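Comments concern the structure below.
The values are calculated or read from the model by the stated rules, or taken from the named source; none is laboratory data. No experiment lies behind these values; they were computed from the predicted model shown. Cβ sites come from the backbone with ideal geometry, for glycine too, and all protein chains shown count toward neighbours. Quick note on the areas: whole protein, heavy atoms, side chains included, nothing else; ligands and nucleic acids left out. Shrake-Rupley method; radii C 1.70, N 1.55, O 1.52, S 1.80 Å.
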Amino acid sequence: MLNTEIRELIKYLKNIVAEEKPDHDAIEKYRDDPDFIELDKMVRGIRNACKKHFQMIFDLYPDPTIITTMEDGKLLSYNQAFLKMIQLRGNGIVDESFNIHDLYFELDKREQLIAELKRTGVSENMEIMVNDANNEMFVGLVSAQVINIEGEPHILSVIRDITEIKRLEAEIAQLSTKDKLTKVFNRLKLDEFLQCELERSERTKASFAIILVDVDSLRNINDTYGNPEGDNLLVAIAEILKDNVRVTDIVGRWSGEEFLVILPDTDEKGAVTLAEKIRTIVENTDFEIVGKLTASFGVSAYRKDLLPATLISRAHGARNRAKEKGRNRVECQ
């Protein structure tokens, strides 16, 4: 078994290495002992060497990294990557007055981070909106761990700017639901909306209708003026549709020159009224280069035994009838 003196020395050396408050009783008791002095000096040297190595690794770490006090958020240390991030965002001054509270826009998220650190000692990949020196926000992915410095808990945090990643994710998500040309919903998303509305109407007995909009003579326009001008017209028609429906209505591109408008809580009469309104707007609009343009409309309303494909088929039948009767008409089926 270890004797009392060895246990005292081990405890003292542990505190030195861990940067806890040293045992003053041990210092008082052994300060004149040459072996103690030599051992103390050696351990302190090892600790300082480790700190230098840590500082070197800390400085060279490629992600922005900081060390702050646990409670008041005062900045104790930062690496070059963090300094570069701050400078790129318009602030070249980082000193002891810098407070991490000034960095985080969502202070409630930081409070969650602190609570998790106090509970587990580590927090990984928390997204927090960060406010830079220009009052512009970016998305920070923060991972943090509690570290001990001179007997006090501090926070080692890595803050990655993932704004561009989030932008690309949003763009990819939009591409998966929106038509690239017209920026309205695409066929895949329209199928989802149709199924949801049919299920809702079956469940609640609420009315529900659709309008199929077909741009007249688009092929001739493409042949005469070129496909880019045809694309411009489709964009213009999409804007007209979006501008003249309710916020609860859904506008999407069904096929090449066809648009679909889904109208929750709308009966056949209401859908025909809206279709006539849009038909008149299209007819009276003076489109650049092409001039006048018309569209044909097919309306179909929900019936209890309808499937999405049946509903669309009936709208197509109504649209075809509008075409056969001379175009620029609204028909329902």
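A convex hull fitted around the alpha carbon atoms of region 103-194 yields 142 Å³ per residue. Near the amide H of Glu127, within less than 5 Å, lie the amide hydrogens of Val142, all on another chain or at least 5 residues away, with H placed in the peptide plane. Multiplying the residue separation of Leu107 and Arg187 by 0.36 nm and removing their Cα-Cα distance gives an extension gain of 24.7 nm. Full extension of the chain between Ser176 and Val43 gives 41.9 nm of extra length, using 0.36 nm per residue less the Cα-Cα distance. Summing charges over neighbours of Thr248, with a neighbour being any other residue whose Cβ is under 14 Å away from its Cβ, gives 0 when K and R count +1 and D and E count -1. Set against the 2.2 N^0.38 Å expectation for a compact globular protein, region 181-333 has a Cα radius of gyration ratio of 1.00. How charged is the neighbourhood of Leu113? Take every other residue with its Cβ under 15 Å from the Cβ of Leu113, and add Lys/Arg as +1 and Asp/Glu as -1. Neighbourhood net charge equals -3.
With all protein chains kept in place, the per residue accessible area of region 155-276 amounts to 50 square angstrom at a probe of 1.4 angstrom. Using only Cα atoms, what Kirkwood radius does region 186-253 have, in angstroms? Final number for the Kirkwood radius of region 186-253 is 14.0 Å.
For Ser77, the amide hydrogen comes within under 5 Å of the amide hydrogens of Ile67, counting only partners 5 or more places away or on other chains and with H modelled in the peptide plane. Taking the 1.4 Å solvent-accessible surface of region 178-333 as the whole, the part contributed by carbon and sulfur is 49%. Across region 321-333, rounded Karplus estimates of 3J(HN,Hα) from the backbone phi angles (6.51 cos²θ - 1.76 cosθ + 1.60, θ = phi - 60°) give 5, 5, 5, 5, 8, x, 6, 6, 9, 10, 10, 10, 8 Hz, Gly and Pro being marked x. Close amide H partners of Met70, meaning residues 5 or more places away or on another chain with modelled amide H under 5 Å apart, are Ile155. One decimal place: the segment Asn220-Lys277 gains 18.0 nm when fully extended, by the rule 0.36 nm per residue minus the C-alpha distance. 3J(HN,Hα) along region 197-210: 5, 5, 5, 5, 5, 5, 6, 9, 6, 6, 6, 6, 9, 10 Hz, from the Karplus curve 6.51 cos²θ - 1.76 cosθ + 1.60 with θ = phi - 60°, whole Hz, x for Gly and Pro.
Placing dummy labels 7 Å off each Cα toward the beta-carbon, the span from Gln80 to Asp231 is 4.5 nm.
Taking only the C-alpha atoms of region 270-313, the Rg (one decimal) and the largest Cα-Cα distance, Dmax (whole number), read 14.5, 45 Å. Among the listed pairs Lys166/Lys242; Lys183/Lys277; Lys84/Lys183; Lys166/Lys304; Lys189/Lys304, those whose Cα-Cα separation exceeds 32 Å are Lys84/Lys183; Lys166/Lys304.
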